[in-house]
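See below for the structure under consideration.
The values are calculated or read from the model by the stated rules, or taken from the named source; none is laboratory data. Because the structure is a prediction, the values reported are computed rather than measured. Every residue, glycine among them, receives a Cβ derived from its backbone with ideal geometry; neighbour counts consider all protein chains shown. Surface accessibility is based on the protein's heavy atoms, side chains included, excluding ligands, DNA and RNA. Shrake-Rupley method; radii C 1.70, N 1.55, O 1.52, S 1.80 Å.
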Amino acid sequence: MVGKRNSRLPGFYKLSVEQRRRMAAEALGVTVDELVQAIENGGLGCERADKIIENVVGTFALPFALTLNVKVNGDDFVVPMVVEEPSVVAAASNAAKMIRAGGGFEAEADDPIMISQVQLDGVPDATTAGDRIMQHRSELLELGNRAVPGLVRRGGGVRGLEVRDLGEGMLVVHFFVDCRDAMGANLVNTVAEAVADRVQELSGGDIGLRILSNLCDERKVRIRCRVPAHALGSKEFAGEAVRDAVVRASRFAEKDPYRATTHNKGLMNGLDAVVLATGNDWRAVESGAHAYASRSGTYRPLCVWRADGNDLVGELEIPLSLGTVGGPSRVHDGARMGLKIVGAQSASELAMVAASVGMASNLAALRALATEGIQRGHMALHARSVAIAAGASGDEVEAVAKRIHSQGQITLDAAETALRDVRRAAVPVRPQARP
Ligand code: MEV
């Protein structure tokens, strides 16, 4: 892992890709070659991809970018993001800068405990079965731990268990497994399979599924931030007005699942991008997050915002199972570089950083929506993609994007016309030959 770093890289967004690579490499303490080799071509060759999944015919690349200004528990982090949506990276960096003005993100993480589920069916007497299983607690923990000796050596292992009666003869036994720096899916599934036969004997029922739960609510992170109102303002909007508008937007999400879903989507824009860039399982993160958001019986926002004196205060709680060892980081150069860039000392620290970026994305979206609306910033970036689709390259992209954006016509037709105009204007006019 790389040492402490500064995540403030002023003017980064204005540089060319080449210049950004040089600046980032210097800030991160890696060589430009190391950086480029890891992420060029998506960080994964076809030959290796063929060893990861089945029926491979190629690989599929997405933009790999860096989010700046992120400060978590007093430390700076340059955070890699992999995402296809314009504005997400710029917005997260901007919001992280506002949050930094209030001291940055304060984060805490539970121990990295995952839940291993063993299902039992046709249990004749659920109460007796539950009691017998709990009486054999030590034996079952030992059985589980024997199946994951490497994890036990690294300081993790099976920490406890509980029995839940689901009714109609169905019991489920939860084994709580401390996965240390692993995401943990394989470890937890190994434990479930290792203990299943004995659990079955003790219950008198039939064994059912043996698998982790992605509702990893023993492995949550909590993030808090305090943003001074002045940091939220812009030329057009006073900071206090923005603060109050963000609070109203948060209240809307708290009252309405339709809005809460989109509110959380904005948060996942940032969080998922970090999950992806570090080679983690975003489907696991997504399913856990949304199940947790629904735990009251109504779908609710994961992050809420309140005014406190002159400041805006945000609070986020989310279950998050990320790993810094194992998984795709073994075989994917881009994921390995993503982990190196973020430089987290543990899976828990990575989870705190990723959730902080999610919180920044949420704030950025609410601030934009509650003031000028999302489309202005969005469309400026969208114009670039349309310009590229029309055939623009190099400096033409910016020139065409600017034209169609200022005309308020971000369409392929408009971009093709603008590209013709830009090219015509760029051709030096030859002096006419004298007759
Ligand atoms: C778009 O990807 C995300 C937003 O819709 C989030 C939100 O509405 O809060 C802008």
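Length gain on complete extension for the stretch Val325 to Gln37, per 0.36 nm per residue less the alpha carbon to alpha carbon distance?
On the way: separation 288, 0.36 × 288 = 103.68 nm, distance 2.07 nm.
Separation in residues times 0.36 nm, less the Cα-Cα distance, equals 101.6 nm.
Which of the lysines could be linked to Lys71 by a straight reach, that is with a Cα gap under 24 Å, when you skip same-chain ones fewer than 8 residues away?
Candidates past the 8-residue exclusion: Lys4, Lys14, Lys97, Lys220, Lys265, Lys340.
What FRET efficiency, computed as 1/(1 + (r/R0)^6) with R0 = 41 Å and r the Cβ-Cβ distance, is obtained for Thr59 and Met23, rounded to the nearest 0.05?
After rounding to 0.05, the efficiency reads 0.90.
As a check on your grasp of the helix formula, calculate [θ] at 222 nm for the chain: sum -39500 (n - 2.57) over DSSP H runs of n ≥ 4, divide by the residue count, round to the nearest 500.
-15500 deg cm²/dmol
Starting from the Kirkwood radius over alpha-carbon pairs of the range 3-51, derive D by Stokes-Einstein at 4 °C in a medium of 1.567 mPa s and give it in µm² s⁻¹.
The estimated diffusion coefficient comes to 105 µm²/s.
Suppose the chain between Asn310 and Arg283 were pulled fully straight at 0.36 nm per residue; how much longer would it get relative to their current alpha carbon spacing?
5.9 nm
Can you pull the one-decimal nm distance between simple spin-label points at Lys51 and Asn6, each 7 Å off the Cα toward Cβ?
Output for this residue pair reads 4.1 nm.
The chain: percent of C-alpha pairs farther apart than 38 Å? List each step's numbers first, then the result.
Values: 31246 of 94395 pairs.
Considering the chain, 33 percent of its Cα-Cα pairs are separated by more than 38 Å.
In the chain, what percent of the accessible surface is made up of carbon and sulfur (1.4 Å probe, ligands and nucleic acids excluded)?
50
How large is the accessible surface per residue of the range 376-423, computed with a 1.4 Å probe and reported in Å² as a whole number? Can you show the working numbers first?
Working: 2750 Å² over 48 residues.
Result: 57 Å² per residue.
Can you work out the FRET efficiency for the pair Asp165 and Ala426, with r the C-beta to C-beta distance and R0 = 60 Å, to the nearest 0.05? The partial results should precede the final answer.
On the way: r = 75 Å, r/R0 = 1.25.
The computed FRET efficiency comes out at 0.20.
Would you work out the charge dipole size for the chain about its Cα centre, treating the Cβ of every Lys and Arg as +1 and the Cβ of every Asp and Glu as -1, and quote it to the nearest 20 debye?
The calculated dipole for the chain is roughly 1920 debye.
For the range 133-234, which GluC sites (Glu not before Pro) are in a loop by DSSP, counting at most 12 other Cβ atoms within 10 Å?
Glu168
Under a point-charge model restricted to the Cβ atoms of Lys and Arg (+1) and Asp and Glu (-1), what is the dipole moment magnitude of the range 261-314 relative to its Cα centre, in debye to the nearest 20?
200
GNM, the chain, Cα, under 10 Å: largest mean-square fluctuation among Lys51, Lys265, Lys255?
Fluctuation is largest for Lys51.
Write down the accessible area per residue of the range 113-213 in Å², having rolled a 1.4 Å probe over the full set of protein chains.
46
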